[in-house]
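Structure first, then comments.
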Amino acid sequence: MADAYQPVIIIGAARSGTNMLRDVLTSLPGVGTWPCDEINYIWRHRNARNPLDEFQPEQATDPVRRFIRREFDRIAHRRGLDAVVEKTCANSLRVGFVDRVLPDARYLFLGRDGVDVVASAMKCWTNPIEIGYILRKARFVPWSDVPYYGARYLANRVYHLVSGKKRLASWGPRFEGMQQVLAERSLAEICAAQWARSVELATRALAEIDTGRVFSLQYEQFVESPGEHVRRIVDFLGIEVASSAIDPAVAGVSRQSVGKGRRQLDERTLASIMPILQPVLQRSMIEPEDRSRKVAA
């Protein structure tokens, strides 16, 4: 079956629940992914020295397409998969590039309240660097890119230790204008800008893709009825999964994080991020009556 596997790309801003959705789907029979959090190193091959994660479709040259597609083929064939799921968050900034690489992909666009995302992302920016996490992803760094990423890791490590800012030099998708935001804004505003740019670019690009290849859902709605959503996703992907496999797959889904940002962030912080979040929230929230196919976040 792996000869005719379905590439499934989860698109969502960092800390939008993409890990949760991937883990639910890859617990289903015949659905799998790489044994690490994401494969940004693979997506960036031959573009590794680009300081941004915003790639244009024309950057998906023939060698780039062949390399990335070969990696998808390899994981599908090794594990005999019907569907290969991938959720690199930086892909929210380069959907057109991804679609040039995988023109047969189907997209799951997962949105989440930007306030909750900001609160969660702030912790990631300030957490210590986890060596084990880095090493799991480093297994998939193309050899020619190892020196570049080794130098970047060292620079990030040194910055975290000596800058006095108590945050990493860089975390998550790197967007146009990020260096200026890092220099001028608070950490909460950095996280808000990162979310806003990711959602805005993803929404715009997915609107250009055939609607039959895009399934949009909202985190807050998914965690309320995960079984129902997974059944609809499975139907959308065209893969055969027994109903008895779905309940165990969603058993660990929790709604405890819904609204957490507004409980954790103080009024001053909320006031600073809402002007960044609000325009995107107003344009992109999925309406309850149209939550299955509308391109939104």
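Throughout, read-outs are computed from the coordinates displayed, never taken from laboratory work. Note that the structure is a prediction, hence the values are computed from the model and not measured. All Cβ positions, glycine included, derive from the backbone under ideal geometry; neighbour counts span all protein chains shown.
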* Which residues, counting only those in region 24-41, are part of a loop (DSSP other than H, G, I, E, B) and within 18 Å of the chain's Cα centre (by Cα)? -> Thr33, Trp34, Pro35, Cys36, Asp37, Glu38, Ile39
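When the residues of region 47-87 are narrowed to those that are outside any loop (DSSP other than H, G, I, E, B) and among the aliphatic types (A, V, I, L, M), which ends up farthest from Tyr107 (Cα to Cα)?
Narrowing region 47-87 to residues outside any loop (DSSP other than H, G, I, E, B): 57-59, 62-79, 83-86.
Next, only the ones that are among the aliphatic types (A, V, I, L, M) stay: 64, 68, 75-76, 83-85.
On the way: Val64: 20, Ile68: 17, Ile75: 19, Ala76: 18, Ala83: 12, Val84: 12, Val85: 10 Å.
Top of the filtered list is Val64.
What number of residues within region 74-96 satisfy the criterion of being within 13 Å of Trp34 (Cβ to Cβ) and among the acidic types (Asp, Glu)?
Initially, region 74-96 is screened for residues within 13 Å of Trp34 (Cβ to Cβ), giving 74-76, 78-79, 81, 84-88.
From the residues that got through so far, the ones that are among the acidic types (Asp, Glu) too are 86.
Within region 74-96, residues that are within 13 Å of Trp34 (Cβ to Cβ) and among the acidic types (Asp, Glu) number 1.
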* Asked: With respect to Ile239, is the statement that it is buried (at least 18 other Cβ atoms within 10 Å of the Cβ), within 22 Å of Gly212 (Cα to Cα) and in contact with a Phe, Trp or Tyr (Cβ under 9 Å, 6 or more places away or on another chain) true?
  -> no
* To do: Would you check if Ile233 is β-branched (Val, Ile, Thr) and over 30 Å from Pro57 (Cα atoms)?
  => no
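Can you tell me which residues in region 15-45 are among the acidic types (Asp, Glu) and under 19 Å from His229 (Cβ atoms)?
Asp23, the sole residue that qualifies.
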* To do: Report yes if some residue within region 30-40 is touching a Lys or Arg at 6+ places or on another chain (Cβ under 6 Å), closer than 29 Å to Val223 by Cβ and hydrophobic (A, V, I, L, M, F, W, C); otherwise report no.
  => yes
* Can you tell me which residues in region 241-283 are free of Cβ contacts under 8 Å to residues at least 24 places away in the same chain and farther than 22 Å from Gln218 by Cβ? -> Ser243, Ser244, Asp266, Glu267, Arg268, Ala271, Pro275
* Structure fact -> Residues of region 178-207 being under 14 Å from the mean Cα position of the chain (by Cα) and within 20 Å of Met274 (Cβ to Cβ), in sequence order, are Gln194, Trp195, Ala196, Arg197, Ser198, Val199, Glu200, Thr203
* To do: May I ask you to list the residues in region 88-122 that are polar (S, T, N, Q), more than 30 Å from Arg268 (Cβ to Cβ) and in a helix (DSSP H, G or I)?
  => Asn91
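For residues that are of a type in the set (Gly, Ala, Ser) and under 27 Å from Met20 (Cβ atoms), scanning just region 42-89, find the one that is farthest from the chain's Cα centre (by Cα). Full working, then the answer.
Taking region 42-89 first, the residues of a type in the set (Gly, Ala, Ser) are 48, 60, 76, 80, 83.
Those still in the list that are under 27 Å from Met20 (Cβ atoms) too: 76, 80, 83.
On the way: Ala76: 20, Gly80: 24, Ala83: 18 Å.
Going through the qualifying residues, I end up with Gly80.
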